[in-house]
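Only one structure is covered here, and it is reproduced in the block below.
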Amino acid sequence: MLYIYIYIFSSFSDLRLSRLIYISGIRSSGKNPSRGRGVYRFSNAAALEETITPPVKVSYTQHLINGQFVDAASGKTFPTHDPRTGEVIAHVAEGDAEDVNRAVAAARKAFDEGPWPKMSAYERSLIMLRFADLVDKHRGELATLESWDSGKPYEQSAKSELPSFARLFRYYAGWADKIHGLTVPADGNHHVQTLHEPIGVAGQIIPWNFPLIMFAWKVGPALACGNTIVLKSAEQTPLTALYAAKLFQEAGLPPGVLNVVSGYGPSAGAALACHMDVDKIAFTGSTETGKIILELAAKSNLKPVTLELGGKSPFIVCEDADVDKAVELAHYALFFNQGQCCCAGSRTYVHERVYDEFIEKAKARALRRVVGDPFKKGVEQGPQIDSEQFEKILRYIKSGVESNATLECGGQRFGSKGYFIQPTVFSNVQDDMLIAKDEIFGPVQSILKFKNIDEVIQRANTTRYGLAAGIFTKNVDTANTLSRALRVGSVWVNCFDVFDAAIPFGGYKMSGIGREKGIYSLHNYLQVKAVVTPLKNPAWL
């Protein structure tokens, strides 16, 4: 989710040349036939091809605790599945409270007694830079594991996310020796200075949609500030966090500084959030789970919490927009990563003067979208993460049809195995429909009509979320008005998903607490201490 995702957008014109999807003009017999548009169905040609065997060995499936790969205390394992087929990739150690206890004890000892916080900041930065070099060296293995475990296109993993992953750690390595306090003038004869100290043991829980990128967003600033870490990976995608942790060992990270526990949220995740010896918790995931994390942190030792949660981001296409460009950008904003993005532009508001043209072209673009095995060159969309997410998305699509939204295309399973869903477009969507209110987290574009700027501001802000928004206009005054009126943490004007390492990211309202990336993320992992010393006969104050 970084700035080089623009690579993917710029390459869409090339990807359109590839055709794995064949279209037959079968008209829908569903509701709202008045628009006179057919609902086209995709053939299963691409999905029926044999899946490509990923050229990588799964080498790390145990927890990493205190510099050693170890089995779960209980001896239990759980399967991680290939979303292309539903088949098991590997069995991974299933952590619970005892494993979290061991990991936290290792992190606490490494912070209190180990060399990491006592190293010079420059020495810490060198280890992070060596890690980034190792990521470049092992980019193929990491990208393959990421796509195999999550279902995202390999081209996306290899050409976009892995370079971003390495860039993030180089960015934070650069910050390590630039963290410092202030000298503060005070009334009276006192010397006052502030110290920015590492917060201690950081608990971190990352999601399944961008496992490596979220690893970097969390681990990078925590290490730069001199903290130690216990990280719980998502149970759907545990493989790359373990591989990356092994590379950190090779880079010279001392034992106990980074510990990785695999497991489920209600057991391992909850144990980490409520642990009395964890000094800070950072979580990315759903708003509902974020509330639980916040409650557990408060009820234990009142540890500070950073939350990056759900969204239902508006993408606003104004009347002066170049429709062709707006359609392409809106398509990218929604369908990227199979629609599994917290900031996806999932409420596409289009001005009434260009609405009909936009619908026709958005539908045509969705029908051209290449769905298939994510390891096949030119594929834009792989499977959803698992059966639970797959079924949830299909329920939302059914809800949209039953609510009298017009199903322009898609709406069904793609193929006969795995968790593929056809790119789906709805028009005539109203604000009170579930598909316009809830975070679907899938390839479902909901297109709504608006009349004027004041109206769309009010409607766009009428949501419990406030993560991001997109604006497409040629008018700088319109862009400025909307940018300041929308109650969201990120606004992209004539672009979307620009995630440079230095740009802060986080949400308003129920989309989260705090900011990640950039200088703002360092604040999450530092304590500020004021030190006051008397001055005798100072020459100046």
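Stretched out straight at 0.36 nm per residue, the stretch from Asp177 to Asn452 would grow longer than its current Cα-Cα span by 94.0 nm. Per-residue Karplus couplings for segment 130-145, computed as 6.51 cos²θ - 1.76 cosθ + 1.60 with θ equal to phi - 60°, are listed in order as 4, 4, 4, 5, 5, 4, 4, 5, 10, 4, x, 5, 5, 5, 5, 4 Hz, Gly and Pro entered as x. Compared with the alpha-carbon gap, the fully stretched path from Asp320 to Lys377 is longer by 16.9 nm at 0.36 nm per residue.
If R0 is taken as 30 Å, the Cβ-Cβ distance between Ser399 and Glu295 corresponds to a FRET efficiency of 0.55. For segment 422-541, with all protein chains in place and a probe radius of 1.4 Å, 53% of the accessible heavy-atom surface sits on carbon or sulfur.
In percent, rounded to a whole number, the relative contact order of the chain is 20, using alpha-carbon pairs under 8 Å and six or more apart.
Note on Lys137/Cys495: beta-carbon distance plugged into 1/(1 + (r/R0)^6) with R0 of 35 Å gives a FRET efficiency of 0.65.
Solvent-accessible surface of segment 392-541, taken per residue with a 1.4 Å probe and all protein chains present: 44 Å².
Using all pairs of distinct alpha-carbon atoms, the Kirkwood hydrodynamic radius of segment 314-472 works out to 15.6 angstrom. Distance between the 7 Å Cα→Cβ label points at Thr53 and His91: 2.2 nm. For Asp320, the residues 5 or more places off, or on other chains, whose built amide H falls under 5 Å of its own are Lys474.
The listed peptides 336-345, 161-170, 475-484, 123-132, ordered by packing as a protection proxy, come out as 336-345, 161-170, 123-132, 475-484 (highest mean of other Cβ atoms within 10 Å first).
Proximity of backbone amide H atoms, modeled 1.01 Å from N, is registered between Val92 and Phe78, Thr80 at under 5 Å, excluding neighbours fewer than 5 places apart on the same chain.
Size of the chain: Rg and Dmax of its alpha carbons, in Å, are 24.2, 91.
Packing around the peptides 444-454, 150-160, taken as the average count of other Cβ atoms within 10 Å per residue, puts them in this order, highest first: 150-160, 444-454.
Beta bridges per DSSP, both residues in the chain: antiparallel share near 45 percent.
The values are calculated or read from the model by the stated rules, or taken from the named source; none is laboratory data. Since this is a predicted model, take the numbers as computed values, not measurements. Heads up, the Cβs are rebuilt from the backbone with ideal geometry, glycines too, and the neighbour counts pull from every protein chain shown. Side chains are part of the model used for accessible areas, which takes the heavy atoms of the whole protein and leaves out ligands, DNA and RNA. Shrake-Rupley method; radii C 1.70, N 1.55, O 1.52, S 1.80 Å.
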